[in-house]
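Enquirer: Take a look at this one; I'll ask things after.
The values are calculated or read from the model by the stated rules, or taken from the named source; none is laboratory data. Remember, predicted model here, so these are calculated numbers, not experimental data. In this analysis, Cβ positions are derived from the backbone assuming ideal geometry, glycine residues included, and neighbour counts consider all displayed protein chains.
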Amino acid sequence: MKTSPNVVPLPQADGQKPVSPAGYRLESQVGHLLRRAHQRATSIFQTTIGDPNVTPTQYAALVKLHDLGELSQNHLGRLTAMDPATTQGVIRRLRDRGLIEARPDPNDRRRTLLKLTAAGNKVLSRLIGNGPKVSELTLDPLSAEEQQTFLALLRRLG
């Protein structure tokens, strides 16, 4: 049976260091590399976007609500690629800051409709111009051709 390079090594019975499958290096694994790239992108976002209290997921929610108007919480989560628990937390924090408001959907009381407040529009109008700079700085180590290839490959993975 062929061993996958992604098999997690088990510690030896005598408590010595784990034995790694031949050729396995954490630094070469896709998850590790994606996590490091994500950490870099998040750090650049936090220092560039213009508000240390707005996270990338909050920013995504604000942008989608601005672009599309009132949305259900569920739809917003799908559009921003957030799971329901993350969406709920993001919405709660944005509501607490007065950046969005929520109301029951008159056609379906189980759904919550969300929209930007005047304060949310004001914050977003201040930040949105910095969004392209975040992408530019994140992709800066790559040539223009590499950037296009990288983004195309990420879209295929997503």
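Enquirer: Here are the criteria: (1) surrounded by 18 or more Cβ atoms within 10 Å (Cβ to Cβ); (2) among the aliphatic types (A, V, I, L, M); (3) more than 20 Å from Glu136 (Cβ to Cβ); (4) over 12 Å from the mean Cα position of the chain (by Cα). Tell me which single one Met82 does not satisfy.
Expert: (4)
Enquirer: Might you let me know whether region 115-138 holds any residue that is over 21 Å from Thr47 (Cα atoms) and under 19 Å from the mean Cα position of the chain (by Cα)?
Expert: Among the residues of region 115-138, not one is over 21 Å from Thr47 (Cα atoms) and under 19 Å from the mean Cα position of the chain (by Cα), which makes the answer no.
Enquirer: Can you report the number of residues in region 112-143 which are touching a residue at least 60 places away in the same chain (Cβ under 8 Å) and touching a strand residue (DSSP E or B) at 6+ places or on another chain (Cβ under 8 Å)?
Expert: Restricting attention to region 112-143, the residues satisfying the condition of being touching a residue at least 60 places away in the same chain (Cβ under 8 Å) are 123-124, 126-128, 130-131, 133-134, 137-138.
Right, trim to touching a strand residue (DSSP E or B) at 6+ places or on another chain (Cβ under 8 Å) and you get 124.
Of the residues in region 112-143, 1 are touching a residue at least 60 places away in the same chain (Cβ under 8 Å) and touching a strand residue (DSSP E or B) at 6+ places or on another chain (Cβ under 8 Å).
Enquirer: For region 35-114, list the helices (runs of 4 or more DSSP H) that sit wholly inside it and hold at least 2 residues that are of a type in the set (S, T, N, Q) and under 24 Å from Leu154 (Cα atoms); which are they? Explain how you work it out, then say what you get.
Expert: On the way: elements: 56-68, 73-79, 84-96.
Of the helices (runs of 4 or more DSSP H) lying wholly inside region 35-114, those with at least 2 residues that are of a type in the set (S, T, N, Q) and under 24 Å from Leu154 (Cα atoms) span 56-68, 84-96.
Enquirer: Looking only at region 56-77, filter to residues that are loosely packed, with under 13 Cβ neighbours inside 10 Å and more than 18 Å from Asn130 (Cβ to Cβ); which one of those is farthest from the chain's Cα centre (by Cα)? Write out each step before concluding.
Expert: As a first pass, look at region 56-77 and keep what is loosely packed, with under 13 Cβ neighbours inside 10 Å: 67-69.
Subsequent filtering for residues that are more than 18 Å from Asn130 (Cβ to Cβ) retains 68-69.
Numbers: Leu68: 19, Gly69: 21 Å.
The selected residue is Gly69.
Enquirer: Gly31 fails exactly one of the following numbered conditions: (1) at pLDDT below 95; (2) part of a loop (DSSP other than H, G, I, E, B). What is the number of that condition?
Expert: All conditions pass for Gly31, except number (2).
Enquirer: So which residues in region 132-152 are part of a helix (DSSP H, G or I) and small (Gly, Ala, Ser), if there are any at all? Step through it out loud before you land on a result.
Expert: Filtering region 132-152 for residues part of a helix (DSSP H, G or I) gives 132-139, 144-152.
Within region 132-152, Ser135, Ala144, Ala152 qualify.
Enquirer: Could we say that Leu154 is under 28 Å from Leu33 (Cβ atoms) and surrounded by fewer than 16 Cβ atoms within 10 Å (Cβ to Cβ) here?
Expert: On the way: under 28 Å from Leu33 (Cβ atoms): yes; surrounded by fewer than 16 Cβ atoms within 10 Å (Cβ to Cβ): yes.
Judged against the criteria, Leu154 is a match.
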